[in-house]
Amino acid sequence: MNLIECKDLCKEFDGKPVLKNVNLKIESGRIIGLLGKNGAGKTTLIKIINDLLTPTSGEVLIEGKKPGVESKAVISYLPERTYLNPDMTPGQAISFFHDFYSDFDTERAERLLQDMNLDKNQKISKMSKGMREKLQLLLVMSRDARLYVLDEPLGGVDPATRDYILDTILSNFKEGASILISTHLISDIERILDDVIFIDEGEIALSVSADELRVNENESIDEYFRRYYDVRKTDKI
Amino acid sequence: MNFVFDNDRPIYIQLVEQLEKYIVSGKIGVGERLPSVRELALLTKVNPNTMQKALMELETEKLIYTERTNGKFVTTDQTLIQRHKEKFAEEKTEKYLKDMAELGFGRKEASAYIMNVEGEENEPD
């Protein structure tokens, strides 16, 4: 069974289509990049998978079932924006997650906290943007989920920290679990991807294995996407 | 061991090349047991699926073999390792000759340059 399947998925906001007939299948044990420009529909798709938005038509199935309580128990989701209570400390956030998710591994979270040089007792409101992003990622990766959905996990951090975050992602997901990562920072992330899904103006423009794309096009995924948009720009002129 | 990848070629092919190099140079010894796929993936900072694919390729080339339940080992076939080493040497030489040809040097002249290189002989590391 597919981990995620989208069937003719459409989403409109005030009559404006944001996702147009999205058909997708995501298998277990893969790292998938959800790539596309700002406003392409990445976050909308992710929110539907996480049951935060309902589709206008079509459906998403997670392990064969519609999003809901059961799917939330197996998906660990890193939203684009921070949602942690700013008055909490990392230590409190960890015990909050521990109470909330039965698959949360407190030991792993505390180890990552140390690795990332974060202070267990510093208030989240006093942390920098990069520190908050690291904290949020470590909480999300400390669950033993079947699917990790990471919406722009690299946005606010410097390149050295990006590498560290990618390593954290790689070393903390269980065998057989899948990771869906949305980003527009393609060159930073492409080395860890099995598959790429490219979404453009609400449509799936491409869904292919990362190595297949490199062999067929003889260039990096980043170069391919830059070229794709260049061609599109000239088309419009 | 240090692994570096370009983004414009399949990562697993680059992994195969680099692992092959470590095997023929003896940095990963003859008959040595390899770490698990996951450990190797962490070490090289690649996706475990990519590592799995690279190891399968090395297994097809018979440079490594799987002992059921015991893990993966480097071949003990010295002749095979030697053959791969020579293949590397030929490729490097061809590349040098090609670069020199682009500068307008013939094969004889190019090899004369190598013979005339001064300095101590480097111990292979």
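Annotations
- Tally of residues being more than 8 Å from chain B (Cβ to nearest Cβ) and under 24 Å from A:ILE75 (Cβ atoms) across segment A:185-202: 10
- The set of residues from segment A:51-65 being in contact with an Asp or Glu (Cβ under 9 Å, 6 or more places away or on another chain) and more than 12 Å from A:LEU9 (Cβ to Cβ) comprises A:ILE62, A:GLU63, A:GLY64.
- Segment B:14-52: number of residues that are facing chain A (nearest Cβ under 8 Å) and not small (Gly, Ala, Ser): 8
- Test for B:ARG83: is it surrounded by fewer than 16 Cβ atoms within 10 Å (Cβ to Cβ), out of contact with any Asp or Glu (no Cβ under 6 Å at 6 or more places or on another chain), within 14 Å of chain A (Cβ to nearest Cβ) and in a helix (DSSP H, G or I): no
- The numbered conditions (1) closer than 20 Å to A:GLU152 by Cβ; (2) at pLDDT 95 or above are all true for A:THR56 except (1).
- On inspection, A:SER102 passes the criterion of being surrounded by fewer than 20 Cβ atoms within 10 Å (Cβ to Cβ), out of contact with any Cys (no Cβ under 8 Å at 6 or more places or on another chain), of a type outside the set (Lys, Arg) and in a loop (DSSP other than H, G, I, E, B).
- Of residues in segment B:53-74 being touching a helix residue (DSSP H, G or I) at 6+ places or on another chain (Cβ under 7 Å) and assigned to a loop (DSSP other than H, G, I, E, B), the one nearest to the other protein chains (Cβ to nearest Cβ): B:LEU63
- Close pairs (9 angstrom Cβ cut-off, 6 or more residues apart or separate chains): surrounded by fewer than 16 Cβ atoms within 10 Å (Cβ to Cβ) and among the hydrophobic types (A, V, I, L, M, F, W, C) in segment B:25-53, assigned to a loop (DSSP other than H, G, I, E, B) and at pLDDT 90 or above anywhere: B:VAL30/B:THR75; B:VAL30/B:THR76; B:VAL30/B:ASP77; B:LEU43/B:PRO35
- Residues that are closer than 30 Å to A:GLU217 by Cα and part of a loop (DSSP other than H, G, I, E, B), drawn from segment B:2-45: B:ASN2, B:PHE3, B:VAL4, B:PHE5, B:ASP6, B:ASN7, B:ASP8, B:ARG9, B:PRO10, B:LYS45
- Taking segment B:48-94 as the range and being of a type in the set (A, V, I, L, M, F, W, C) and within 30 Å of B:ALA112 (Cβ to Cβ) as the test, the residues that pass are B:PHE88, B:ALA89.
- Looking only at residues of segment A:41-66 that are acidic (Asp, Glu) and assigned to a loop (DSSP other than H, G, I, E, B), we find that the one that is farthest from the chain's Cα centre (by Cα) is A:GLU63.
- Residue count for segment A:120-172, restricted to those that are within 14 Å of chain B (Cβ to nearest Cβ), among the β-branched types (Val, Ile, Thr) and either in contact with a Phe, Trp or Tyr (Cβ under 9 Å, 6 or more places away or on another chain) or within 20 Å of A:THR89 (Cβ to Cβ) (or both): 1
- Of all residues in segment A:173-184 being more than 10 Å from chain B (Cβ to nearest Cβ) and crowded, with 17+ Cβ neighbours inside 10 Å, the one that is farthest from A:ALA40 (Cα to Cα): A:ALA177
The values are calculated or read from the model by the stated rules, or taken from the named source; none is laboratory data. Keep in mind that this is a model prediction, so the values were computed, not measured. All Cβ positions, even for glycine, are placed from backbone atoms using ideal geometry, and neighbour counts span all protein chains on display.
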